[in-house]
2 protein chains.
Amino acid sequence: MWEQSRAGSNPAPGTSPMETSLKSLIQAFHQGQVRALAKLITVVENGNRARETVLKEIFPKTGHAHRIGITGPPGAGKSTIVDHLALALTERGHRVAILAVDPTSPFTGGALLGDRHRMVRASQQGVFIRSLATRGSLGGLSEATPFVADLLDAFGFDVILIETVGVGQSELDIITASDTVVVVLVPESGDSIQAMKAGLMEIADIFVINKYDREGSQRFRNELESILGRMPQKNDWVIPILPMVAIRGEGIPDLAEQIKRHWQYLHDSGKFTEKRRQRILDEIERTAKDRLWRRIERQIGSFIEQQGLDQILQGKADPYTFVEELIRKVEEERDQR
Amino acid sequence: MWEQSRAGSNPAPGTSPMETSLKSLIQAFHQGQVRALAKLITVVENGNRARETVLKEIFPKTGHAHRIGITGPPGAGKSTIVDHLALALTERGHRVAILAVDPTSPFTGGALLGDRHRMVRASQQGVFIRSLATRGSLGGLSEATPFVADLLDAFGFDVILIETVGVGQSELDIITASDTVVVVLVPESGDSIQAMKAGLMEIADIFVINKYDREGSQRFRNELESILGRMPQKNDWVIPILPMVAIRGEGIPDLAEQIKRHWQYLHDSGKFTEKRRQRILDEIERTAKDRLWRRIERQIGSFIEQQGLDQILQGKADPYTFVEELIRKVEEERDQR
């Protein structure tokens, strides 16, 4: 924690070689080079000060893409759906990118499931596919997801499919990152899926019941309709339930159609701007916190190195007074300069 | 977001009635009044500036309790285990508290599952039980969990059982909040449980296989042992796998014993202090960020009210430059005073 953003705490007096290469990457990005996009995604994923430089440069070009979150329990067939959907949208003339968020071990850093190889057809048709590792919360969205989506948006993709290999834990994250949320369910639902559904119910703009050729599909659909009917309606959008057999491509055109309808609804109702506004406000708060923290981080680090935490560990001091004193000290030093 | 910590941004010149009542609550807390504890938990859960006041006051008394996280997929029997375990530890002379973290709808704010009624036996034996709503991440730990644990610790409970009705998404949270992590699994595991396990494998200090009277238990145990055997060993602690039929209380004494052994191990190896140190460092970072943010929050709010976000929404400005300018402005004003 204390070792991290060293680079950020050490502003270079001139222009470093790293900054130069970052600038030429951004230039290549603006020229539409896919390799530059891929490299900048890595920069943004790593999330130090360079991230901010990149985001600042590309921000004016964002705000055009339709960000579509595809979520649901493991085994529901999300990857297959995303693969087919990407193709269907490409055929309709869209430029489509896929962000697949893998559950990752926080300890090994390696992906446990790799979905890229499953999306074979899409990748052969020029769809841009990128896996993001989750950091910090297993199976949830990567913290970098909204920023990578910004990059794809600025690059000119007008549809971004965000697939979370999740189990209903990242509801708020996916709402924040997406304009439209598609929740994929399957007819057979055990105890655990039942519990997950609770969280998934309230975030869906569109429901898909995949593997609809299986037994109990109609019953499951009735159940879902009845639960939906009992939920308070949040707005004018009536949530559709779409049967699907994704492996055979059945139901995909319907899904593409409903996604288009929702996009229209978001614009007609002003909700698209509202959502974008909220994302910008969140980003302002996050950036301000980071910047303010960065300015005292080094001092806190060295203060702890000098004094240690012994007083606090022994209960003779507390973290809150420590922070108070430290901020005061940092500001006095600044005033004296 | 911008409306929230108003109370924090408005420091009262004298002592407000609220502060007075907070002080008397803290006094009653130090005298051991359970009602004061319950009320302070609510204060800490709500998480505005009053939280910090409370935590600062009680901090010197923390650092003694054993925090035990109990996690696993829904339906694994966690509540039953926690109920029995609490009793077993009470009988051994411990003062036990239970924190049950409910999955909560981020929209309704209401709990979807209530576990308190299931822990009947424990509550009759004087065990303190409290449900926490999760906010922000469904099914994960409440953001307030570590702070509520601090309160219980300072109140004199020496064992705190933290039960998460989770599905493998809050791994890092529960590691941070607990000294010992007990992962509960059941023999029958479908596709989805399989996927969840991936995340649960690496955080366990102790494994429990509950419902061990069911078919396939021995096979499941062999499977688990074989997976564990293939994982790199992180330290000297050998992770035990405990068979259990919690509903009949079978296996509970074993679990109590292993928990005690792990507590001993944490102290002998110095890991207890290490963990506590990290928690304090995290808290220092969180507190500093909050404090620094609070000082400019009001100004950002009024700045946005005046100017709106139109320039940014239209791509003529960006959030990063906005923050930069704002911080500069706030500091110039401060310098002039």
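The values are calculated or read from the model by the stated rules, or taken from the named source; none is laboratory data. Small disclaimer: the values here were computed from a predicted structure and weren't measured. Cβ placement follows ideal geometry from the backbone for every residue including glycine, while neighbour counts extend to all protein chains displayed.
Numbers for the structure displayed
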| read-out | value |
| --- | --- |
| Breaking point among (1) outside the structural domain of A:Leu132 (by TED's automatic domain parsing); (2) within 15 Å of the chain's Cα centre (by Cα); (3) closer than 29 Å to A:Ala256 by Cα, for A:Val44 | (3) |
| When residues of region A:240-286 are limited to those that are among the hydrophobic types (A, V, I, L, M, F, W, C) and within 14 Å of another protein chain (Cβ to nearest Cβ), the one surrounded by the most Cβ atoms within 10 Å (Cβ to Cβ) | A:Ile284 |
| Residue satisfying all of: in region A:30-81; out of contact with any strand residue (DSSP E or B) (no Cβ under 6 Å at 6 or more places or on another chain) and basic (Lys, Arg); farthest from A:Ala97 (Cα to Cα) among these | A:Arg49 |
| Test result for A:Gly199, in contact with an Asp or Glu (Cβ under 6 Å, 6 or more places away or on another chain), at pLDDT below 80 and crowded, with 23+ Cβ neighbours inside 10 Å | yes |
| Hits in region A:34-78 - residues which are away from chain B (no Cβ under 13 Å) and within 19 Å of A:Val159 (Cβ to Cβ) | A:Val34, A:Leu37, A:Ala38, A:Ile41, A:Ala65, A:His66, A:Arg67, A:Ile68, A:Gly69, A:Ile70 |
| Residue identified as modelled with pLDDT under 80 and not in a strand (DSSP E or B) among B:Phe157, B:Phe107 | B:Phe107 |
| Criterion: modelled with pLDDT under 95 and in the same structural domain as B:Ala204 (by TED's automatic domain parsing) - qualifying residue of B:Arg230, B:Arg261 | B:Arg230 |
| Enumeration of residues in region B:60-73 that are buried (at least 24 other Cβ atoms within 10 Å of the Cβ) and assigned to a loop (DSSP other than H, G, I, E, B) | B:Gly72, B:Pro73 |
| Residue satisfying all of: in region B:206-239; in contact (Cβ under 8 Å) with a residue 40 or more places away in the chain and within 14 Å of another protein chain (Cβ to nearest Cβ); farthest from the chain's Cα centre (by Cα) among these | B:Lys211 |
| Unmet criterion (only one of (1) within 22 Å of B:Ser269 (Cα to Cα); (2) at pLDDT below 90) for B:Glu188 | (1) |
| Residue that is crowded, with 16+ Cβ neighbours inside 10 Å, over 32 Å from the mean Cα position of the chain (by Cα) and more than 9 Å from every other protein chain (Cβ to nearest Cβ), where the choices are B:Phe303, B:Phe322 | B:Phe303 |
| So A:Arg298, is it under 37 Å from the mean Cα position of the chain (by Cα) and either surrounded by 18 or more Cβ atoms within 10 Å (Cβ to Cβ) or closer than 30 Å to B:Gly315 by Cα (or both) | no |
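Every residue, every condition in (1) of a type outside the set (Val, Ile, Thr); (2) at pLDDT 95 or above; (3) closer than 25 Å to A:Gly32 by Cα; (4) part of a helix (DSSP H, G or I), yes or no:
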{"position": "A:Glu52", "(1), (2), (3), (4)": "yes, no, yes, yes"}
{"position": "A:Ile58", "(1), (2), (3), (4)": "no, yes, yes, yes"}
{"position": "A:Leu85", "(1), (2), (3), (4)": "yes, yes, yes, yes"}
{"position": "A:His94", "(1), (2), (3), (4)": "yes, yes, yes, no"}
{"position": "A:Ile98", "(1), (2), (3), (4)": "no, no, yes, no"}
